[in-house]
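Worksheet for the structure shown next.
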Amino acid sequence: MTREKFKVYEGVFDRITFKALYKLYPKYFDRLKGPISTGKEADVYLAEKDEHYVALKIYRILARMYKGFDVYIKDDPRFKSVRKNPRQLIFAWTKKEYKNLTRAAEAGVRVPEAFGFHKNILVMEFIGRGGAASPLAKHQPPEKPSQWRDLVYSWIKRMWEDKKMVHGDLSEWNILNHDEEPVFIDISQAVLKQHPLSLKLLKRDVNNMTRWFQKLGVADDSLKKWLEGVIKNV
Ligand SMILES: Nc1ncnc2c1ncn2[C@@H]1O[C@H](COP(=O)(O)OP(=O)(O)OP(=O)(O)O)[C@@H](O)[C@H]1O
Ligand SMILES: [Mg+2]
């Protein structure tokens with residue numbers, strides 16, 4: 001798509017988003033296909049780059065930040081300089097998701113590869129086939145749940161132990177079933193160990209996942225046992 005044609009999006013997005021898209025174009029994507037998901041805080045779009053699909057997560061500029069949004073970033077030493085201006089906060093949030101994706105990948109967790117970001121837009125690997133996004137684990141549970149359990153448990157542990165991080169919003173709603181392989185998504189709220197909320201979030205992730213695997217009939221308390229050890233040692 002030419003830059004001229006790109007202008008058709010001018011009225012579709014707000015000014016900041018349009019300018020950010022323009023900045024990422026054509027290095028990170030050269031064609032915008034359409035929305036994959038529209039949510040409260042962010043919309044996810046399918047786009048193309050050189051015949052490959054990519055996903056754009058566009059944080060909403062106008063949406064008022066939901067309660068508690070700020071606490072994740074406020075106490076994160078990596079974002080000390082963020083002024084408490086909602087726009088700056090959205091940009092910080094975008095950058096944080098980019099960094100968290102990179103960090104999780106370094107821990108050996110399967111997440112979408114983070115390609116780049118600008119202002120309120122994150123460009124990442126598209127998880128899907130033929131332009132159709134892979135289903136949420138909630139909607140398509142694994143055929144071999146015990147294999148997923150072992151893998152998911154090991155990812156939570158590795159993030160904590162090797163990378164000192166917690167996903168913070170882990171559940172079957174934020175795991176994609178990509179050809180029977182789990183992929184963690186939506187990691188913008190992840191925090192580091194030193195964050196005052198880290199243990200609380202870790203507990204919640206562990207509870208969510210334990211509960212879900214119990215529901216799938218592969219109950220296993222090993223992650224809870226591990227968590228008890230973590231809590232004892234802090
Ligand atoms: N990299 C990706 N590849 C394919 N689909 C994706 C990708 N990232 C997100 N999605 C789809 O978009 C949806 C929303 O993404 P995500 O969970 O990151 O945003 P969110 O902040 O939870 O948005 P919401 O406000 O809707 O809760 C996901 O449930 C998933 O279906
Ligand atoms: Mg989500």
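A few notes on this one:
- Scanning region 203-225 for residues that are open to solvent by 40 Å² or more (accessible area, probe 1.4 Å) and either in a helix (DSSP H, G or I) or free of Cβ contacts under 8 Å to residues at least 12 places away in the same chain (or both) turns up 203, 204, 207, 211, 214, 215, 219, 221, 222, 224, 225.
- Members of region 17-35 found to be touching a strand residue (DSSP E or B) at 6+ places or on another chain (Cβ under 7 Å), surrounded by 15 or more Cβ atoms within 10 Å (Cβ to Cβ) and not in a helix (DSSP H, G or I), listed by number: 28, 29, 30, 31, 32, 33
- Residue in region 174-194 that is crowded, with 20+ Cβ neighbours inside 10 Å, of a type in the set (Asp, Glu) and either modelled with pLDDT of 95 or more or within 16 Å of ligand 2 (Cβ to nearest atom) (or both) present: yes
Condition check ((1) more than 16 Å from ligand 2 (Cβ to nearest atom); (2) surrounded by fewer than 23 Cβ atoms within 10 Å (Cβ to Cβ); (3) in a helix (DSSP H, G or I)) across all residues:
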position	(1), (2), (3)
94	no, yes, yes
116	yes, yes, no
140	no, yes, no
143	yes, yes, no
148	yes, no, yes
159	yes, no, yes
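- Members of region 36-47 that are open to solvent by 30 Å² or more (accessible area, probe 1.4 Å) and away from ligand 2 (no atom under 14 Å from the Cβ): 45
The values are calculated or read from the model by the stated rules, or taken from the named source; none is laboratory data. Predicted model, so just to flag it, every value in this text is computed and none were measured. Glycine also receives a Cβ, built like all others from the backbone with ideal geometry; neighbour counts cover every protein chain displayed. We work out accessible area using only protein heavy atoms, side chains counted, and drop any ligands, DNA or RNA first. Shrake-Rupley method; radii C 1.70, N 1.55, O 1.52, S 1.80 Å.
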